[in-house]
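Below: the structure, in structure tokens.
The values are calculated or read from the model by the stated rules, or taken from the named source; none is laboratory data. Keep in mind the model is a prediction, meaning the values are calculated, not measured. Positions of Cβ are backbone-derived with ideal geometry, glycine not excepted, and every protein chain shown enters the neighbour counts.
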Amino acid sequence: MTNMRLLLVEDESGISGFLKEGLEEESFAVDVAYDGKQGLQMAMDNIENYDLILLDWMLPGVSGIDICKSIHKENKDVPIIFITAKDTSDDAVHAFESGATDFMRKPFSFEELLARIRVLLRTKSTQQDSLVYEEIVLNTDAHTVTKKGNPIELTQKEFALLEYLLRNEGKVCRRTRIIEKIWDVHFDKDTSVIDVYINSLRKKLGALGAKSFIKTLRGVGYKVE
């Protein structure tokens, strides 16, 4: 499975810094927004890249509830955990009705938050452990790729890249987003490394007679259709 990327929207620097450091030590990639406006922008711009979102309620600019509603309208599959000082049952109900998946009251233990994150991501991943495109079957649980039952040997990055493309079948996968998702780096200029892996994927898939289904959109990215 590809690296898990989380978005943390939290305006208290002490909390955001602590959570980012702890989650990165657990091998998550974490992007942080420090106010509601920035959080909403980052979520909407990269909605396909985030595996889970941690969201404070009381944020400057745009409230966590409004961000949650916007995210849920755009992508109902991404789990959203509220981490908030709001502590009534009515608050929790309001959060869930707005699209939240879970609700944690401050203060909370990092171990409990981590456990809830892992449960949600495990549930999400097991909902679709096999991706099928014509005669190609990618199994994320067994970490295998086959064509008509014949195994196709891929490197870890090739597997992650193929999984990302198949999960976004029919959508344009922009080069910068592929770099952020698969390589966990942020840059806009040199994304030529992707070409090397795409060419290798095409060669390995073609060796077993699979027709080329990864379309190049020159200057933009790639698309499976």
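Quick rundown of the values:
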read-out	value
Residues within region 130-166 that are within 20 Å of the chain's Cα centre (by Cα), closer than 15 Å to SER200 by Cβ and of a type in the set (A, V, I, L, M), tallied	4
ILE81 part of a helix (DSSP H, G or I), surrounded by 14 or more Cβ atoms within 10 Å (Cβ to Cβ) and modelled with pLDDT of 95 or more	no
Sole exception among (1) touching a Leu at 6+ places or on another chain (Cβ under 8 Å); (2) surrounded by fewer than 16 Cβ atoms within 10 Å (Cβ to Cβ) for GLN41, by number	(1)
Enumerated strands (runs of 3 or more DSSP E) restricted to region 98-152, each holding at least 2 residues that are over 18 Å from PRO79 (Cα atoms)	130-133, 136-139, 144-147
Qualifying residue in region 99-107 (condition: basic (Lys, Arg) and touching a helix residue (DSSP H, G or I) at 6+ places or on another chain (Cβ under 9 Å))	yes
Answer residue from region 25-38, given it is within 15 Å of the chain's Cα centre (by Cα) and over 23 Å from ASN168 (Cα atoms) and is modelled with the highest pLDDT among those	VAL32
Filtered residues of region 168-180 (kept if more than 22 Å from LYS203 (Cβ to Cβ) and part of a helix (DSSP H, G or I))	THR176, ARG177, GLU180
